[in-house]
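Some notes on the structure that comes next.
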Amino acid sequence: MTFDIDANGILNVSAKDKATNKEQKITIQSSTGLTKEEAEKMRTEAESHAEDDRRRMEEVEARNRLDGIVYQAEKMVRENRDKIGEADAKSLEAAIEDAKKAMSEGEGGTARLRSATRTSSATAQGCGGAVQVPARRREQHRQARLGLEQAPVADLHRAAVATRRSRTT
C-alpha cells in the first residue's frame, strides 16, 4: 500500500495484492464545499459580530472573576468566623449576596459585575487582615519565645555569600 500527497494536497492511495497481482487506486481531493462568495460572506459576518463577541467574552471573564471571589469570601467566612468581627462578617456576607445577585440577574452587564467584584474584593481584603494579624502575632511570639529574630533579607543574602566564599577558599 502506498500513500502519496502531492503539492496541491491531493492524496493518491494505491494497494496491490501480491498473491493475485491485482491493484486498486483511489485519489482523494480536499473540497470545502464552499464557494468563494460563501467564504467571503462568512468572513464579513464574523467581522460584524466581533464587537459583540468581545463584549460577551469580557462579561464571561468578569462573571468568572466574581465567582472566584465569592467562593474565596464564603470560604473565609466559613473557616474564620470566630476570628472575624461580627460587623465585618455581616458586611462580607452582604457583599457576597450582592455579588450573587449581580451574577444571577444579568442586568447591568459587565459594569455591574465589575462593581460587585470591587466591592466584594475590598470587603474580603478588609476581613482578611483581621484573620492574618493574629497569625502574624502568633509567629512573632513563637520566634521571640525561641530567641529567633527575623533578619533583613539583605543580611541573609550577605551571610549566604560569605558562607559560600569561606567554603571555596
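Observations on the structure shown:
- For the residues S91, S30, S48, the requirement of being surrounded by 10 or more Cβ atoms within 10 Å (Cβ to Cβ) and among the hydroxyl-bearing types (S, T, Y) singles out S91.
- Boolean, A87 is under 18 Å from A111 (Cβ atoms) and among the aliphatic types (A, V, I, L, M): no
- Check on R56, touching a residue at least 24 places away in the same chain (Cβ under 8 Å) and closer than 30 Å to D98 by Cα: no
- In the stretch 99-127, the residues that are under 23 Å from the mean Cα position of the chain (by Cα), farther than 12 Å from D67 by Cα and assigned to a helix (DSSP H, G or I): G109, T110, A111, R112, S115, R118, T119, A122, T123, A124, Q125
- Pick from the stretch 14-41, criterion assigned to a helix (DSSP H, G or I) and modelled with pLDDT under 90, ranking: farthest from G108 (Cα to Cα): K36
- Of A94, A87, A62, all but one fail to be over 29 Å from the mean Cα position of the chain (by Cα) and closer than 30 Å to R112 by Cα; the exception is A87.
- Some residue of the stretch 44-59 being in contact with a Leu (Cβ under 7 Å, 6 or more places away or on another chain) and of a type outside the set (D, E): no
- Qualifying positions in the stretch 60-93 - part of a helix (DSSP H, G or I), without any contact (Cβ under 8 Å) to a residue 12 or more places away in the chain and not hydroxyl-bearing (S, T, Y): V60, E61, N64, G68, K75, R78, E79, E86, A87, K90
The values are calculated or read from the model by the stated rules, or taken from the named source; none is laboratory data. Everything quoted here is computed from the prediction, not taken from an experiment. Quick reminder, even Gly has a Cβ in these numbers, built from the backbone with ideal geometry, and neighbours come from all protein chains shown.
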